[in-house]
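Just below is one structure, and these are the notes that go with it.
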């Protein structure tokens, strides 16, 4: 069960701002662009920007004063019947029963590929060449204090099952490396990988990296830049999310406490839940946000509070 704030379209609690040639598209029969705000000017569309869809402001708000600027709203304007709640999904306890396996370095000497075939807990897992993780037909669980995939390193999943990564302190991915990719760095099935991150440093998907899977960062901020690509959903209780350059995400960006910025030609297909949403950039390939309910339906994290509420109805 997913919260309405996610399934009803794009949401930013306090502020939505479009500049340059930015646009948001939400088909009218699938949802709206929504905010809880009733403050004058809290939805601002500058010249050459547009929202292709309906826009709802906070309950009892006046759309004609909340929505300002010279951009276009191509659908209807109105108030929400009630404000949206933005609960966070459940963040799991990290497993404590995995065999401790020390450090694992997948380098170039001896020649790759390297293999992991069992569950385990590692102090450091560093991949500079090719690491194949056999997930079998079930769920492989790996806990690591520091996970680094560097340069052109690749983590490839083998088998039909899934991988759960639990990262305590540090996550690094750089260069043209990839996680859940093939040897040519083409992304795999994002539903086969979940990564949970307890660290506080910003998670960066920049350069030309590829990541196929969903991430739940307990408190960390997010940066997707360069030509980085994240295929899957991202959840955080952090306060800053940036998608810039020629990067993109395909999935749900659920960051209800964050200022979310899309700039350059950065784009997202799926939906965004944010505190504030700012989209700015120029040119025909300017930043864009497209609501896609099929991608929302693939959101993999659970909201037990919603499930319990639903059981009591």
**Prompt:** Got a sec? Which of 233, 177 is within 30 Å of residue 137 (Cβ to Cβ), surrounded by 24 or more Cβ atoms within 10 Å (Cβ to Cβ) and under 11 Å from the mean Cα position of the chain (by Cα)?
**Reply:** 233
**Prompt:** How about region 206-273: which strands (runs of 3 or more DSSP E) wholly inside it have at least 1 residues that are touching a helix residue (DSSP H, G or I) at 6+ places or on another chain (Cβ under 9 Å) and modelled with pLDDT of 95 or more?
**Reply:** 210-212, 214-217, 229-231, 248-263
**Request:** Please tell me if residue 277 is assigned to a strand (DSSP E or B) and modelled with pLDDT of 90 or more.
**Result:** yes
**Prompt:** Of all residues in region 108-141, which are buried (at least 19 other Cβ atoms within 10 Å of the Cβ) and more than 17 Å from residue 178 (Cβ to Cβ)?
**Reply:** 121, 122, 140, 141
**Prompt:** Does residue 67 qualify as being surrounded by 15 or more Cβ atoms within 10 Å (Cβ to Cβ) and either more than 21 Å from residue 236 (Cα to Cα) or touching a helix residue (DSSP H, G or I) at 6+ places or on another chain (Cβ under 9 Å) (or both)?
**Reply:** yes
**Request:** Using the structure shown, decide if residue 61 is surrounded by 21 or more Cβ atoms within 10 Å (Cβ to Cβ), more than 21 Å from residue 244 (Cβ to Cβ) and in contact (Cβ under 8 Å) with a residue 60 or more places away in the chain.
**Result:** no
**Prompt:** Which residues, taken from region 43-82, are more than 23 Å from residue 7 (Cβ to Cβ) and in a loop (DSSP other than H, G, I, E, B)?
**Reply:** 46, 47, 48, 49, 60, 62, 69, 70, 71
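The values are calculated or read from the model by the stated rules, or taken from the named source; none is laboratory data. Please read all numbers here as calculations on a predicted model, not as lab measurements. Ideal geometry is used to build each Cβ from the backbone, glycine not excepted, and the neighbour counts take in all protein chains shown.
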